[in-house]
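Each reported figure results from applying straightforward, stated rules to the coordinates on display, with no laboratory input. All of these numbers come straight from a predicted model, not from anything done at the bench. Here Cβ is always computed from backbone atoms with ideal geometry, including for glycine, and neighbour counts include all displayed protein chains.
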Amino acid sequence: MNDDQKLWNRDFVAVCLSSFFLFMTFYILAVTLPIFVTDTLHGGQQQIGLVMTVFIISTVILRPLTGKWMDEWNRKKIISFALIVFMICTALYPLIHQYELLLGLRFLHGIGFGMATTAAGAVAVELVPDRRKGEGVGYFSLFMSLAMVVGPFLGLSIMQTHNNTLLFSVCIGFSVLSLLFGLSLRIPQRVVQAAAQPEKGWRKFIEPRSIPISLTGSVLAFSYGAITTFLSVYAKANGLESYASYFFMVFALMIVISRPFTGKWFDRSGPNGLVYPGVVLFTVGMIVLSLMSSPVPFLIAGGLLGLGFGAMLPSFQTIAIQAAPPHRRGLATGTYFLLFDSGYGIGSYVLGVVASKSNYHTMYLVAGIVVACSSILYYVLHHRRAAASTKTSAIPAMK
């Protein structure tokens, strides 16, 4: 791909819009299903977490498989199949009236989501010029962030004023739009570069060079699960139910506002100046959220969390992609999301147990401490190693 090629073209816009409507459906369901479980299916706190964990388990299983398939098979057929599965599963939610059936549907839905998001991410990366990877991945992630703005706000607003039928109908409509934009994609033909030594065993499904930064991302995802999975229930328990949708709006707007700057900063100055401040902001946001009892600190916490998340997430993803050779970028994308989703699913369940044994205030404090530890992991697994590699490569030039 020519580095001078424009970032914005018909197919990059199509994959961004397909991803937007995919994540719109995901975020609407992520923040409303906890209420659906407690109010309609009469479930408890641990059952809320399990609804998300089951979804993530199937997503995680399909991530590495899809990454491998994207590097070897017809990518248009893969992304089309995944979006069709996602749409069909979305259409089945109005028929669910038992908790066990919901768990089964969530497992199947996670298959479509895992395949579709991995495939879309791999296609988007390939459509971005090499010298603008940080900016391009940032803009692609921006559409996910826009879904964070609209999705939770729309979903919670519908839950408060209408019924589940309208909620699920809206989700079905968005999943159809995601499919239509996915079907319109023109994915360029690619000459697959075979490795000198064919990868064997687990390396056929996982990109080893992307694992270190992906582990760091999984720690962020562990704490992030506390926001999407429990925030609506937490707000309701504190009498702030009407502010929950505004929390997600503030959270995502901070990501949207900062995203153009963070992408260019990454390409020019590297990730360290984004990651460490991002960890601080996210940690402080979690602490404020754990202490809140009124609307103002509740919304301030949303802003801090959005700024921190917006700095870290695209940085981690871009590092994971750049660590891999071009012919394994599909696997790199799958590897990153495999570990990110694993952390998300584990966090949803473990933090649900913490909340059930103590309270939501304690749960968010624990989540803040966990994400603070990600700075240590980032330094050990990436920053220090990258600095050592740069220093080593600079020595011959100095001689």
Taking 0.36 nm per residue of separation between Tyr276 and His162 and subtracting their Cα-Cα distance, the length gained on full extension comes to 36.8 nm
In nanometres, the difference between 0.36 nm per residue of separation and the alpha-carbon distance of Leu101 and Val353 is 88.5 nm
Between the modelled labels at Arg203 and Val13 (7 Å from Cα along Cα→Cβ) the distance in nm is 4.2
Per GNM of the chain with C-alpha springs under 10 angstrom, the most fluctuating residue out of Gln98, Gln47, Gln317 is Gln98
Gyration tensor on Cα atoms of segment 261-328, a ≥ b ≥ c root eigenvalues, a/c under 1.5 rounded, else prolate if a/b beats b/c, else oblate, says prolate
Rounded to the nearest 10 degrees, the helix 99-127 long axis (Cα) sits at an angle to the longest Cα principal axis of the chain of 30
Taking Cα atoms only, helix 244-269 is inclined relative to the longest principal axis of the chain by an angle, in degrees rounded to 10, of 10
Measuring from the longest principal axis of the C-alpha atoms of the chain, the long axis of helix 272-291 (C-alpha) lies at a number of degrees, nearest 10, equal to 10
Of 333-340, 8-15, 155-162, 81-88, ordering from highest average Cβ density within 10 Å down gives 333-340, 81-88, 155-162, 8-15
Check: in the chain the Lys pairs 8 or more apart or on separate chains whose Cα atoms fall under 29 Å apart number 23
